[in-house]
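Take a look at the structure set out below.
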Amino acid sequence: MTTTSLSPGRTWARLPRRHVPVLVTLALLLVLYGVGVSQYRAFSNVQVVFNVFIDNGFLLVVAVGMTFVILTGGIDLSVGSVVAMTAMVSAFLLREGWPAALVLVVALLIGPTLGFLMGCVIHFFDIQPFIVTLAGMFFARGMCTFISDSSIPITDGFWTTMSQQRIGDPSGTFVSISVLIAFAVVAVAAYVLAYTRLGRNVYAVGGNAQSALLMGLPVGRTRIAVYTISGLCAAVGGILLSFYTLSGAPLIAVGMELDVIAAVVIGGTVLTGGAGYVFGTVLGVLVLGVIQTLITFDGSLNSWWTKIVIGGLLFAFILLQRLIGIRYK
Amino acid sequence: MTGSHPVLTMTGISKSFPGVRALDGVDFRLFPGEVHALMGENGAGKSTLIKVLTGVYGVDRGTVALAGEQVSFTGPMQATAAGVSTVFQEVNLCTNLSVAENIFIGREPRRLGAVRWGEMRRRARALLTRLDLDIDVNAPLGSFSLAIQQMVAIARAIDIEARVLVLDEPTSSLDTGEVAQLFRVMRSLRDDGIAILFVTHFLDQVYRIADRITVLRNGQLVGEWTTGDLPQLSLVEKMIGKELDVLERLDEQPRRDVAATEGTPLLEARALGRRSAVAPFDLTVHAGEVVGLAGLLGSGRTEVARLLFGADRADHGSVRVDGSPTSLRTPVAAIARGIGFCSENRRAEGIVADLSVRENIVLAMQAARGWLRPIPRRRQDELVDRWVRALHIRPADPEIPVGNLSGGNQQKVLLARWLITEPRLLILDEPTRGIDIGAKTEIQRLVAQLSDGGTAVLFISAELEEVLRLSHRIAVMRDHELVTQLTNDQSVDADRIMQAIAAGAAHEGVPS
């Protein structure tokens, strides 16, 4: 976001094109929220907003990782399975009696390791990210069932504390620790993308990998890094999910990678890479969350309506990106 | 003008590729504060020499010395770090990033690992001011013209304390004004003591900017001259290695009088236009007529061509072919009516680099027949063989991938593709850009032959001289508008067209 901070004398009136998608998402979010508030009295309760974050904290973290990947023009289909595998491994190791700290370390290492390996395959063998991460997806999902073909409950003290701890004021509004972790991840990611060489290289590679190479930028290292980051975010997301559900289940988070990609695209990141912001991804996740909440509030609508609305929105946003010609190439 | 010691000395450079001796004992030296033009036809070894210099290739024999010290770069980054920066023909920057970032990415000013955006923008502005460029450094590079992008590439190159700046065909996609701006920058850099190695195909540009000329031919050094000692005609002779009989002959050929403009025109556009691309224009083309389309880059020449070919859809006006109203809504419709179009962007829109010469040549013909009726292989071989010979496509092997051919030969393949379909109107958009003088002459001669044979040609070129030489009639474009049409008789010369381009008023009150 900071790429555009104002230079002296620049007017606010001129709206940079690359901000249009994010602003459209923001407007959409406000409209959705406005609809909710006008239809349901309880919607205006601040806790509703907090609940959106509580229910989607893990999704947000995974989407942040996906933002890195999509910014380079890649895709990571393995994240849903990695989330499930991380939760599964945690639950299994805790049941085996491992100390919580050690379990955390192991669980947080699996995702980035798999991401690193996939990144290496993508870079060194020059294979489509789609197919490599598809393989990763099957592998991780298979590992879940290999560990256990049924759900494993978590009873560990640390996990239950993290799950039940409420942070908030006495009046009753609160967030979970997971939300704070998600916010921290968002803040770090936004900083990395805007202020570090790695972050800027991500944009350069997504803009034109060939040029980036000729400008002497470490294209290979950047590519491998984004899949590692995505794997790490998926692992963190998996831990947050296990805090949320207090279990590891082999078939949890199936198809989640597609929700994540939808959130990132609705958040204004261009699928061909090179343009987009973490802030947009936050908005994208919120849009999905608010739609879900609206449908829950309505009560009469089937939850599949969420998917139908998201499908429509995705179409609209991809068309929007096309129309404003965000693809500079 | 030149210091006493060269900043760069290349001695006895030899480099072979399987089957080709690209460089054979070439010497080259470059002094601080000079613009040194490296000339030669395509395949003469210019690119190889530059790639050796910048460390893309290693050498088989020979040495490279920078400021007296022998160096051996392993890659462009190392060369850049040592003060040898290269700006390539295609702008190798990231159009999605801001101008400032494109200049500094990879070596951004940082504090504790964090990029200092303010400092970066300030330095970018300072650097661009030095290049006489006042643009918003925050705007994405893609929002600027190719010329400005090129300047930004140069800004990036010189920021790295460059002692040697290599410009590999920087002007091939710039228009006249942009070239002038680039030359101003080059002169000011030269005056700062930077040594500039300049590669171009435009001979007149060499005489405008270069202090010294080195000519290569077939991988060998022909010689080194100061510009004043080498008249243009001798330069061309040195490059080609023979008397310029072909060129001369074409030059002496009197401009043929206007072809038969009686009768029904082959193509007649009435108030044809497309919003935000080109204002409505009238244009008629008769069989056997060469109509030149002159104008600056971006003046709407390509847009006219694309409308006539159906690549873009007109939202205004009508087209008649042979007098009957027609709708050229798609290229397929245009091809069916005998219209062919060679795009200016041959890499992206023309040739298919991975297919063989033969496959590329039969592509349009196959498309015209429909994919269900394959052309028999023997017929293909026959046709391809004939055109490979007629157009002197080198190497004359129809089975090698087109991507391996030089730019000029790729252009010929593209031409052959349309010629075998025997089009009645051939639209050529910048067919001679970026190709060497020999191939250029051949293509010009081909246009003349086609016209003699009754084919109409719409010839688009930024080089006025070329348009003047070939065209019966010249339509001048300015700011996306067809401003005037001139019959190419004795009264028309480059000045008059320039005036038309500049003012759009050449048809009124110009003393001749």
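Derivation of every value follows stated rules applied to the coordinates shown; laboratory data play no part. The structure presented is a predicted model; accordingly, all values stated were derived computationally and were not measured. Note that each Cβ is placed from the backbone with ideal geometry, even for glycine, and that neighbours are counted across all protein chains shown.
Taking amide H positions as placed 1.01 Å from N in the peptide plane, with prolines and chain starts having none, which residues 5 or more places from B:Asp436, or on another chain, fall under 5 Å of its amide H?
B:Asn42, B:Gly408
Divide, for chain A, the radius of gyration over alpha carbons by 2.2 N^0.38 Å, where N is the residue count. Don't skip to the answer; put the middle values down first.
Numbers: Rg = 19.9 Å, N = 329, 2.2 N^0.38 = 19.9 Å.
Its radius of gyration relative to the 2.2 N^0.38 Å reference: 1.00.
If you keep only loop residues by DSSP, which trypsin sites (Lys or Arg not before Pro) in segment B:260-360 have at most 14 other Cβ atoms within 10 Å of their Cβ?
For trypsin sites (Lys or Arg not before Pro) across segment B:260-360 that sit outside H, G, I, E and B with at most 14 neighbouring Cβ atoms in 10 Å, the list reads B:Arg275, B:Arg313, B:Arg329.
Quick check on segment A:11-102: take the gyration tensor over C-alpha atoms, sort the square-rooted eigenvalues as a ≥ b ≥ c, and tell me if it's rounded (a/c under 1.5), prolate or oblate.
Oblate shape, in that a/c is at least 1.5 and b/c is the bigger or equal ratio.
Put +1 on the Cβ of every Lys and Arg and -1 on every Asp and Glu Cβ in segment B:144-227; which of B:Leu216, B:Leu197, B:Ala155 then has its Cα farthest towards the positive end of the dipole?
After comparing all options, I get B:Leu216.
Where does the protein assembly as shown land at 222 nm, in deg cm²/dmol rounded to the nearest 500, when only DSSP H runs of n ≥ 4 count, each adding -39500 (n - 2.57), divided by all residues?
That comes out to -15500 deg cm²/dmol.
Angle check, please: helix B:494-503 long axis (alpha carbons) against the longest principal axis of chain B (alpha carbons), in degrees 0 to 90, nearest 10.
Roughly 90 degrees between the two axes.
Limiting things to C-alpha atoms, what are the Rg and the maximum Cα-Cα separation (Dmax) for chain B, in angstroms?
24.3, 77
Using +1 at the C-beta of Lys and Arg and -1 at the C-beta of Asp and Glu, which of B:His392, B:Gln366, B:Leu355 has the Cα lying farthest in the positive direction of the dipole of segment B:349-421?
B:Gln366
Take the alpha-carbon centre of segment A:61-98, take the same for segment A:248-292, and report the distance between them in whole Å.
14
Mind checking which of A:Gly136, A:Gly311, A:Ser211 is farthest towards the positive end of segment A:17-323's charge dipole, using Cβ charges of +1 (Lys, Arg) and -1 (Asp, Glu) about the Cα centre?
It is A:Ser211.
Note down the magnitude of the dipole of segment A:130-223 about its Cα centre, charges +1 on Lys and Arg C-beta and -1 on Asp and Glu C-beta and zero elsewhere, to the nearest 20 debye.
460
Students often check this: by mean Cβ neighbours within 10 Å, which of A:269-280, A:144-155 ranks highest, and how do the rest follow?
Details: A:269-280: 24.2, A:144-155: 14.8.
Packing proxy ranking, top to bottom: A:269-280, A:144-155.
Placing unit charges on C-beta atoms (Lys and Arg positive, Asp and Glu negative, everything else neutral), compute the dipole magnitude of chain B about its Cα centre in debye, rounded to 20.
Dipole of chain B, to the nearest 20 debye: 1420 debye.
Where nothing but the Cβ of Lys and Arg (+1) and of Asp and Glu (-1) is charged, how large is the charge dipole of chain A around its Cα centre, in debye to the nearest 20?
Details: 16 positive and 10 negative charges, 244 e Å.
It comes to approximately 1180 debye.
Quick check: from the Cα gyration tensor, does segment A:95-212 come out rounded (a/c under 1.5), prolate or oblate?
Here segment A:95-212 falls in the oblate category.
Beyond 13 Å, how much of the Cα-Cα pair distribution for segment B:412-468 remains, as a whole percent?
Working: 949 of 1596 pairs.
Everything past 13 Å amounts to 59 percent.
When the distances between all Cα atoms of segment B:273-363 are binned every 10 Å from zero, what whole-number percent does each bin get?
Once binned at 10 Å, the Cα pair distances of segment B:273-363 give 14, 43, 32, 10, 0.
For segment B:335-437, max minus min Cα coordinate along each principal axis, in Å, sorted largest first?
So the three principal-axis extents are 37, 28, 23 Å.
Taking a quarter of the surface of the convex hull around the Cα atoms of the protein assembly as shown, what do you get in nm²?
So the Cα hull casts an average projection of 43.5 nm².
Mind checking A:206-215 for the average number of partner chain beta-carbons within 10 Å of each residue's beta-carbon?
6
Once Rh for segment B:8-242 is found with the Kirkwood sum over Cα pairs, what is the Stokes-Einstein diffusion coefficient at 37 °C and 0.692 mPa s, in µm²/s?
Calculated translational D: 178 µm²/s.
Take the alpha-carbon centre of segment B:438-453, take the same for segment B:106-141, and report the distance between them in whole Å.
With segment B:438-453 and segment B:106-141 each reduced to a Cα centre, they are spaced 48 Å.
Taking all pairs of distinct Cα atoms, average 1/r, flip it, and tell me the Kirkwood hydrodynamic radius of segment B:1-116 in Å to one decimal place.
The Cα-based Kirkwood calculation yields 16.2 Å.
Here are some pairs, B:Lys51/B:Lys238; B:Lys15/B:Lys51; B:Lys46/B:Lys238; B:Lys412/B:Lys440; B:Lys15/B:Lys46; which of them have Cα atoms lying more than 19 Å apart in this structure?
B:Lys51/B:Lys238
Highest GNM mean-square fluctuation, chain A, Cα pairs closer than 10 Å: which of A:Ser211, A:Ser178, A:Ser230?
In this elastic network of chain A, the residue with the biggest mean-square fluctuation among A:Ser211, A:Ser178, A:Ser230 is A:Ser211.
Over all alpha-carbon pairs in segment A:174-302, figure out the percentage whose distance exceeds 20 Å. Display every interim value, and only then the final one.
Details: 4480 of 8256 pairs.
When every Cα pair of segment A:174-302 is considered, 54 percent fall beyond 20 Å.
Enter the Cα centre distance for the pair segment B:337-401 and segment A:139-179, rounded to the nearest angstrom.
Segment B:337-401 and segment A:139-179 have Cα centres spaced 64 Å from each other.
Of the residues A:Thr281, A:Thr222, A:Thr196, which exhibits the maximal mean-square fluctuation in a Gaussian network model of chain A defined by a 10 Å Cα contact cut-off?
A:Thr196
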